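Step one of this worksheet: look at the structure below.
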Amino acid sequence: MTISVLLILSCALLGCVVGFLAGLLGIGGGLIIVPVLSAILLYFEVLADEHVIIVAIATSLASILFTSTSSALAHHRNRNVPWEIAPWVMTGVALGALVSGFMVSLSPVHWVKWTFVISVLLIAIKMVFSSQSSAPDKPRDLPSGPVLTAITTLMGALSAMIGIGGGVLIVPLLSYFSVDMRKAIGCAAVSGIVIALFGSVGYIVSGGQALKLADGFAGFVYLPALFGIVLTSWFVAPMGAKATHYLPVPVIKKVFALLLVVIAGKMLFY
């Protein structure tokens, strides 16, 4: 096998994992894609080390565009998307992701890496504590539409900066305001499409001068890796969405939180 075929197969295997998680938890899978794809790019010596993390983040966002679309369609069919609040959330994450996509390419690589690691650790801690909570919280009212948009703008910016779909931020936010977990996951899946679309535009435009299409790059997006991930994640995501009705999400959150800690540790050595 040629190196390119092996790379695509590696990314296809990665797509199976992130596709299932996208459907199950409403996340785009970037928390897994970014460090694993960074390792793949380094192993196959695809590009210079200083561009690896940015390319991994950009490619992650581009793949999330497809994975979240597949997941969102499945959640919509299951009536798990709260369309009364989704437009406000989608507007916010779109604004944040568009700005972030341009800004991150101007940031020092070590700053982007530490932002990713710290964010992952905080998310893991949040997942552990939320999964251990057994007593129901007092109902909290959602803020007004414009306020919700302002909050999710910040979330969209951070999500695009570290290459995730936003579900790990949006799901806890909506759950805090007493939105049903399944509907929060459905809203996060829909919002992931917007984050990925606007974030990818920023990375493609800003990376046009640094990397060449002839080498397989659309801006900072590495097309062979994108193809491999989407090849499987599109079909696996609906399986994860269906599994939300059968699998114990609190247990999955604990396992996923542990995985995030391992990923954050690995990321420090890339």
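The values are calculated or read from the model by the stated rules, or taken from the named source; none is laboratory data. All figures in this text were calculated on a predicted structure; none of them were measured in a lab. Cβ placement follows ideal geometry from the backbone for every residue including glycine, while neighbour counts extend to all protein chains displayed. The accessibility values were calculated without ligands, DNA or RNA, using every heavy atom of the protein model including side chains. Shrake-Rupley method; radii C 1.70, N 1.55, O 1.52, S 1.80 Å.
Among the residues making up segment 75-118, those that are modelled with pLDDT of 85 or more and of a type in the set (A, V, I, L, M) are Val81, Ile85, Ala86, Val89, Met90, Val93, Ala94, Leu95.
When every residue of segment 197-204 is checked against the conditions, none turns out to be without any contact (Cβ under 8 Å) to a residue 24 or more places away in the chain and open to solvent by 30 Å² or more (accessible area, probe 1.4 Å). Would you please name the residue that is least open to solvent (accessible area, probe 1.4 Å), looking only at residues in segment 46-88 that are without any contact (Cβ under 8 Å) to a residue 40 or more places away in the chain and not in a helix (DSSP H, G or I)? Here the residue is Ala48. Grab the helices (runs of 4 or more DSSP H) fully contained in segment 155-248, keeping just those with 1 or more residues being of a type in the set (Phe, Trp, Tyr) and at pLDDT 85 or above. Filter on segment 155-248 gives 181-206, 223-243. For beta carbons closer than 9 Å, sequence separation of 6+ or different chains, a first residue in segment 222-251 that is without any contact (Cβ under 8 Å) to a residue 60 or more places away in the chain and a second that is aliphatic (A, V, I, L, M) and open to solvent by 80 Å² or more (accessible area, probe 1.4 Å), the qualifying pairs are Leu223/Leu213.
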